[in-house]
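Here's the structure we're looking at; comments come further down.
Every number in this text was worked out from the coordinates using simple rules, so none of it is lab data. Since the structure is predicted, the reported quantities are computational estimates derived from the model, not experimental observations. Here the Cβ is made from the backbone with ideal geometry for all residues, glycine too, and neighbour counts use every protein chain on show.
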Amino acid sequence: MLNTTILAAIGGMEIAVILVIVLLLFGGKKIPELMRGLGKGIKEFKDGKEGVDGTDAVEQNRTNKPL
């Protein structure tokens with residue numbers, strides 16, 4: 001219930017202000033690196049949640065495929 005209230009309170013102007021503050025804090029060159037790191041973190045989290053490890057992914061695909 002609280003999450004819905006917070007999301008409803010954030011409008012377009014608030015998002016613009018947050019983006020400007022982030023740009024001022026980190027600078028234009030640092031933001032792509034931060035987003036790249038965030039993307040890798042999300043991918044690792046999803047893989048960890050599914051129980052997939054980088055070395056086990058190939059073996060798991062082989063065992064799940066029907067012959």
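So here's what we get for this one:
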quantity	calculated
Neighbourhood net charge (13 Å Cβ-Cβ; Lys/Arg +1, Asp/Glu -1) for Gly41	+2
In order through region 15-27: 3J(HN,Hα) via Karplus (6.51 cos²θ - 1.76 cosθ + 1.60), integer Hz, x for Gly, Pro	5, 4, 5, 4, 5, 5, 5, 4, 4, 5, 6, 9, x
